[in-house]
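Visitor: Starting off with a structure, shown below.
The values are calculated or read from the model by the stated rules, or taken from the named source; none is laboratory data. Predicted model only: the values in this text are computed from it and were never measured. Quick reminder, even Gly has a Cβ in these numbers, built from the backbone with ideal geometry, and neighbours come from all protein chains shown.
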Amino acid sequence: MEKLLAARLHAVKVRPYLAAALFALHVVEDRSVPTMAVDAHWRCYVSPGFVARTPVEELAGVWVHEVSHLLRDHHARGERYAREHGEQGPGERLRRNIAADFEINDDIYGDGLPRPAGAVLPSLLRLPDGLLMEEYLRTASMTGFAADLAWLDCGSGADGQHRPWELGPDGAHGLSRQQRDAVRFRVAEGIKGRPGEAPDGWRRWADEAFHPPQPWRQLLGAAVRSAAGAPGVGENHSYRRPSRRSAGVPGVLLPSLRRTPPRVCVVIDTSGSVSDAELGSALLEVAAISRAVGGRRDLVSVISCDAAAGVAVPLCRAENIALVGGGGTDLRSGFARALRSRHRPDVIVALTDGQTPWPSVQPPCRTIVGLFPRPAHAVNERNPDYIPEAPPPWAHVVTIG
Amino acid sequence: MTFSTVLPAPVPAAGTSASARAGAGASATGTHLALADDLLSLLRTTTTEPRPDEQLEALTLAVAADLPVLLWGEPGIGKTAALTQLAASRDLPLTTVIASVHEPSDFSGLPIVGDDPAVRGVPMAPPQWAVELVRAGRGLLFLDELSTATPAVQAALLRVVLERRVGALQLPPGVRIVAAANPRASAADGWELSPPLANRFVHLNWVHDREVVVRGLGGVWPRAELPRLVPERLPEAVGFARRAVCGFLEARPTLIHRLPSTETRRGGAWPSPRSWEAALTLLAFGTAASVSREVLALLVRGAVGDGPGLELLAHLDRMDLPDPESLLADPASAELPVRGDLRQAALEAVVAAVGARPERERWEAGWAVLVRALETGTPDLLVAPAKALAALRRDDWEVPQAVERLTAVVGVADRADRSVARVEAGR
């Protein structure tokens, strides 16, 4: 027991941001557990034999490994995956456990935490590092391979399947869902508060633990819809035709609700840094959404823009438009041209990688920025200190990709 | 048999039961229809069983607290069924209004021209459902399909939800408002909720439980035991809620008002003075009804958003920690939390209290608390507090006898240090 606790202290020393989670685990000694395992209620089951034959520093790695299963919510995610894909049974359980281990093991070891001898890595199956459990499950078959690892068992905390030695939801010292969320939240906030200490994998987890990223198609759709449908743009009261209810109130002219289809202007960053495939998928998405909002095809126009803005082309002719450009970007000229055009747009959608100056004043229409994510260190040969400006606060920003 | 023979058709002799009609030699159509009725009534005969239901408890409390609730859930998930159960259990008449098929004037009132508009003005007549609600004086108003209503209708609904006015009609205090919306993922042509409207609601995610659905289709539906307010606990509940929210906002003033900034959080709950007031009300109601922390978490996160809600709950956990001064006053019988991270937090609070007013007796009492913690729990939790307490020592203070009993702590700490050093050296 003392050895196990010393290992926990070791883990806390080298991973201080995980301290709250490590200390929240309740240790249960049990001889029927193969090695060390966790359940969904934050109990940690430990085999005394395993502790006796494992060095302290390796045990510290096991502690961090097991707590990672819980922090990353592998049991709920594993159950969800099994339900969606209809995959149950012991073989599948093992597959989920292995995939969850892949997700953890590729980035928690090193830096004061030696990797235990038996740790499975994605490279065993020639898979890339840094994927999520679900992605490993989708891509890898793991048949044949699984037989060698049948001893591997991280408990229901890793895959959501109940084990005979587990105390279950009503047993002593379990954490309720709210308590588990509170611990995970505190760890995530700790990592976000001192971002220098934690590696990338943990920082990404902290950012997404309570706000999982949404698919950009839905977000872009919702943004375009709300911009095009806001009062005063797509739909408003009009006296051009009387309301159908006027018959009921003779003598009163009621306005009727009329839809004037919104004009959407898409400003496309055609500088060398954005790939054609990215642009193509985003452009098609915008066109489809604006049609769904009630826009006619001739009301959606496209401006391709690098350092200077091209001519606004209606989408009906733009389907096979060659997006000319390359080199530096200045989206300001694209915005200016969009606003100068004969029919002023109701919505401007800018598709860009963000490495551009932005207009200093808010344009008189709703603005959506579809942002292709780029690594933080932008490359600029002439000015190595160049940091691209963030999109202005008046724009809805949707990260694409 | 064609399908039309099963479908209801005009029956000449109505109001007779299947057996009576069969015995009287009624027409073949009538017999089929009666048999279909029998089958339907058999299908609809289900029983219920008691089963705790956190989301229904949360909904009940929010409705009791007279805060507008917004249920987010996929279509067909049982939102309406839950409301029907709630209305029945509270004996409230249920009025359902599908927001997306109405016009703004249905909620702001329809102008009626009288004899002399210049003198009498033009009254804004409310729709029939509102008149009936007011006449009943109480009821549950269910605004369905809120997110698919156009922005103009949403704007008109603001007034219904906030001011409780429909046209010229004021809804009586006995009327409770619940709305439902489909999440953006499944609303094919949905609009997003504007932040002002979103801020007025308590957002609850409505999810189905596989077991409940399977068992329900098998004939046994759950019956939740709904929380009841305990009269004796009311003053205590208000005091607790005020202390919790005020103490928390004093520590985190930046969370008082924060508009949703990222695209993912639009249309959901966000913190503002209004929603903090809602959270305070919900905390008081939850405490007065003695509901679990899970239900409180659903409610608080639904009112002020996930992040601020979780922080408030963490603050509640810290409020549950034993008071460091009372631990110092009587170390021998100190009751420390069982959970490791909370226990360490309590011990650190004790050390901080000693550090705030360093006196020899308090310092020694601090060691006594640590000894007590060692007797009731694991030693590794004590390493950090013991180090901090040792650092508070003044030159003329002698190390108390009790410290010798903390050797186990030193052993664990040394062992961990050696192990860290081994890894460092092995690199």
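Visitor: Of B:T84, B:T80, which residue is out of contact with any Ser or Thr (no Cβ under 6 Å at 6 or more places or on another chain), within 26 Å of B:V207 (Cβ to Cβ), among the hydroxyl-bearing types (S, T, Y) and in contact (Cβ under 8 Å) with a residue 12 or more places away in the chain? Walk me through how you get there before you give the answer.
Guide: Numbers: B:T84 fails: in contact (Cβ under 8 Å) with a residue 12 or more places away in the chain.
Unique residue meeting the criteria: B:T80.
Visitor: Does region A:6-43 hold any residues that are surrounded by fewer than 24 Cβ atoms within 10 Å (Cβ to Cβ), more than 29 Å from the chain's Cα centre (by Cα) and within 13 Å of chain B (Cβ to nearest Cβ), and which are they?
Guide: Matches in region A:6-43: A:K13, A:H26, A:V27, A:V28, A:E29.
Visitor: So is A:F50 of a type in the set (F, W, Y) and within 22 Å of A:L4 (Cα to Cα) or not?
Guide: yes
Residue-wise test of (1) surrounded by fewer than 20 Cβ atoms within 10 Å (Cβ to Cβ); (2) more than 26 Å from the chain's Cα centre (by Cα); (3) away from every other protein chain (no Cβ under 14 Å); (4) not charged (D, E, K, R).
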site	(1), (2), (3), (4)
B:E132	yes, yes, yes, no
B:A149	no, no, no, yes
B:R164	yes, no, yes, no
B:G167	no, yes, no, yes
B:P173	yes, no, yes, yes
B:L197	no, no, no, yes
B:F201	no, no, yes, yes
B:G218	yes, yes, yes, yes
B:A224	no, no, yes, yes
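Visitor: Give region B:394-427 a look and list any residue that's away from chain A (no Cβ under 14 Å) and either outside any helix (DSSP H, G or I) or loosely packed, with under 13 Cβ neighbours inside 10 Å (or both), or say none.
Guide: Those that are away from chain A (no Cβ under 14 Å) and either outside any helix (DSSP H, G or I) or loosely packed, with under 13 Cβ neighbours inside 10 Å (or both): B:R394, B:D395, B:D396, B:W397, B:E398, B:V399, B:P400, B:Q401, B:E404.
Visitor: Looking only at region B:39-59, filter to residues that are within 17 Å of B:F142 (Cβ to Cβ) and at pLDDT below 90; which one of those is surrounded by the fewest Cβ atoms within 10 Å (Cβ to Cβ)?
Guide: B:Q55
Visitor: Further question on the same structure: Got a sec? Which of B:D66, B:D115 is surrounded by fewer than 16 Cβ atoms within 10 Å (Cβ to Cβ), within 14 Å of another protein chain (Cβ to nearest Cβ) and of a type in the set (D, E, K, R)? Walk me through how you get there before you give the answer.
Guide: Working: B:D66 fails: within 14 Å of another protein chain (Cβ to nearest Cβ).
One residue alone meets the criteria, B:D115.
Visitor: Sticking with this structure for a sec: Say whether the condition of being charged (D, E, K, R) and either surrounded by 14 or more Cβ atoms within 10 Å (Cβ to Cβ) or within 14 Å of B:D306 (Cα to Cα) (or both) is met by at least one residue in region B:239-251.
Guide: No.
Visitor: When you go through A:R53, A:R77 one by one, which is the residue that is closer than 27 Å to B:V410 by Cα and basic (K, R)? Break it down into steps so the answer makes sense when it comes.
Guide: Working: A:R77 fails: closer than 27 Å to B:V410 by Cα.
Just one listed residue meets the conditions, A:R53.
Visitor: Would you pick out the residues in region A:117-139 that are touching a residue at least 40 places away in the same chain (Cβ under 8 Å) and either closer than 21 Å to A:A198 by Cβ or in a helix (DSSP H, G or I) (or both)?
Guide: Matches in region A:117-139: A:A119, A:G130, A:M133, A:E134, A:L137.
Visitor: So which residues in region B:214-246 are outside any helix (DSSP H, G or I) and under 18 Å from B:A278 (Cβ atoms)?
Guide: Within region B:214-246, the first condition is being outside any helix (DSSP H, G or I), and the residues that meet it are B:218-230.
Listed by number, the residues that qualify are B:P227, B:L229.
Visitor: Separate question: Among the candidates B:G247, B:G309, single out the residue that is at the interface with another protein chain (Cβ under 10 Å from one of its Cβ atoms) and of a type in the set (G, A, S).
Guide: Just a single option satisfies the conditions, and that option is B:G309.
Visitor: So is A:P199 over 28 Å from A:S47 (Cα atoms), within 10 Å of chain B (Cβ to nearest Cβ) and either within 27 Å of the chain's Cα centre (by Cα) or modelled with pLDDT under 75 (or both) or not?
Guide: no
Visitor: Take the residues in region A:354-370 that are crowded, with 21+ Cβ neighbours inside 10 Å and closer than 14 Å to A:V266 by Cα; name whichever of them is modelled with the lowest pLDDT.
Guide: Taking the candidates together, the pick is A:R366.
Visitor: A follow-up question, please. Does region B:334-363 hold any residues that are more than 11 Å from chain A (Cβ to nearest Cβ) and without any contact (Cβ under 8 Å) to a residue 12 or more places away in the chain, and which are they?
Guide: The answer is B:A356, B:R357, B:E359, B:E361.
Visitor: Hey, another quick one. Looking for whichever is away from chain B (no Cβ under 14 Å) and either buried (at least 21 other Cβ atoms within 10 Å of the Cβ) or more than 30 Å from the chain's Cα centre (by Cα) (or both) here; the options are A:E66, A:E2, A:E57. Which one fits? Don't jump to the end; show me each part of the working.
Guide: Working: A:E2 fails: away from chain B (no Cβ under 14 Å); A:E57 fails: away from chain B (no Cβ under 14 Å).
Answer to the selection: A:E66.
Visitor: Also, I was wondering about something else. Go over the candidates A:A100, A:A82 one by one and state the one that is modelled with pLDDT of 80 or more, under 18 Å from the mean Cα position of the chain (by Cα), part of a helix (DSSP H, G or I) and not polar (S, T, N, Q).
Guide: Answer to the check: A:A100.
Visitor: Of the residues that make up region B:257-277, is at least one within 11 Å of another protein chain (Cβ to nearest Cβ), assigned to a helix (DSSP H, G or I) and loosely packed, with under 15 Cβ neighbours inside 10 Å?
Guide: Among the residues of region B:257-277, not one is within 11 Å of another protein chain (Cβ to nearest Cβ), assigned to a helix (DSSP H, G or I) and loosely packed, with under 15 Cβ neighbours inside 10 Å, which makes the answer no.
Visitor: Filter region A:27-39 down to the residues that are in a strand (DSSP E or B) and more than 13 Å from A:W63 (Cβ to Cβ) and list them by number.
Guide: The answer is A:V28, A:E29.
Visitor: Continuing with the same structure: Please name all residue pairs, on different chains or six or more residues apart, with Cβ atoms under 8 Å, provided the first residue is in region B:364-393 and is modelled with pLDDT of 90 or more and buried (at least 24 other Cβ atoms within 10 Å of the Cβ) and the second residue is outside any loop (DSSP other than H, G, I, E, B) and among the acidic types (D, E).
Guide: The qualifying pairs do not exist here.
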